[in-house]
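Inspection log for the structure reproduced underneath, given as structure tokens.
FYI, it's all coordinate maths here, none of it is from the lab. Just so we're clear, the structure is a prediction, and the values are computed from it rather than from any experiment.
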């Protein structure tokens, strides 16, 4: 069975008619009918039965359809990989970065990249670490900058750029609290949602809390705002608190040397076409964070 046969079968299953499939595939209805007949001839059995001017899939068609969908996903992935290779050979770069890192981390690196490639087209996307990993695996992005997730796909290369100190953040209206974070266990915790690597670190304290956390969020600036309003305490990394705390007297922050640092990593496919823009981007990431 050829790809064109899978095309017509898949299109009819989705549109429920030959005419609808013909529109999807940009071909005439007689040509679509012939293609379907050719597919059934090669298979040796019928895929559809006609009933009241409608096409009803046979039992065999229902069994084959998940495989046709899987084939389509592979073809789409093939097309994305080909587009990525075209980007690698040209002057385009698509980068995904953790939302909470974008403002503090990316601007000086993009400025460096623009000096070397003044006519380059650079596309920036944001998201959580797990989504960015999958985007790189699926060839939606050329590379990513994330907080190191608990597991990294085996098809990706991970380079540690730096380690970020973790801080305990709480409202200054609570007074000076010692023995952190244990001194805060009587107060409400603002959790970081489970798709964030920091959530694993915070989860170890939950059994010791006097009350179950009622509020969780992914957006770090929002968490800081809630702490400023006295809603609870949390644990965040240096990048997200530095500028905020300098301008706010409503928040206290203390470094947590007892906890492991949060790692920020560069991710890219292990197998990739040589891309000078990506090389410059990675070197700029390393250079900026060595200062």
Enter the Cα centre distance for the pair the range 1-47 and the range 122-201, rounded to the nearest angstrom.
48 Å
Stokes-Einstein, Kirkwood over Cα pairs, the range 113-168, 37 °C, 0.692 mPa s; D in µm²/s equals 247 µm²/s
Between 229, 92, 69, where does the largest GNM mean-square fluctuation fall for the chain, given springs only between Cα atoms within less than 10 Å?
69
Length-normalised contact order of the chain in % [C-alpha pairs under 8 Å, at least 6 apart]:
21 percent
With springs only between Cα atoms under 10 Å, which of 272, 46, 77 fluctuates most in a Gaussian network model of the chain?
46
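Can you show me the helix-derived [θ] at 222 nm for the chain, built from DSSP H runs with n ≥ 4 at -39,500 (n - 2.57) apiece and divided by the number of residues, rounded to the nearest 500.
That calculation yields -14000 deg cm²/dmol at 222 nm.
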Using only the C-alpha atoms of the range 158-217, find the volume of their convex hull and express it per residue in Å³.
116 Å³
What do you get for Rg/Rh of the chain when both radii come from the Cα atoms and Rh is the Kirkwood radius?
1.15
I want to verify a result. In a Gaussian network model of the chain, Cα cutoff 10 Å, which of these has the top mean-square fluctuation: 122, 190, 63?
63
P(r) for the range 93-186: what percent of alpha-carbon pairs falls in each 5 Å bin, starting at zero?
2, 11, 18, 17, 14, 11, 9, 7, 6, 3, 1, 0
Convex hull per residue volume in Å³, alpha carbons only, for the range 24-179:
271 Å³
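Computed over the Cα atoms of the range 159-287, what is the ratio Rg over Rh, Rh following Kirkwood?
Ratio value, two decimals: 1.06.
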Percent antiparallel among DSSP beta bridges (both partners in the range 160-291, rounded to 5):
75 percent
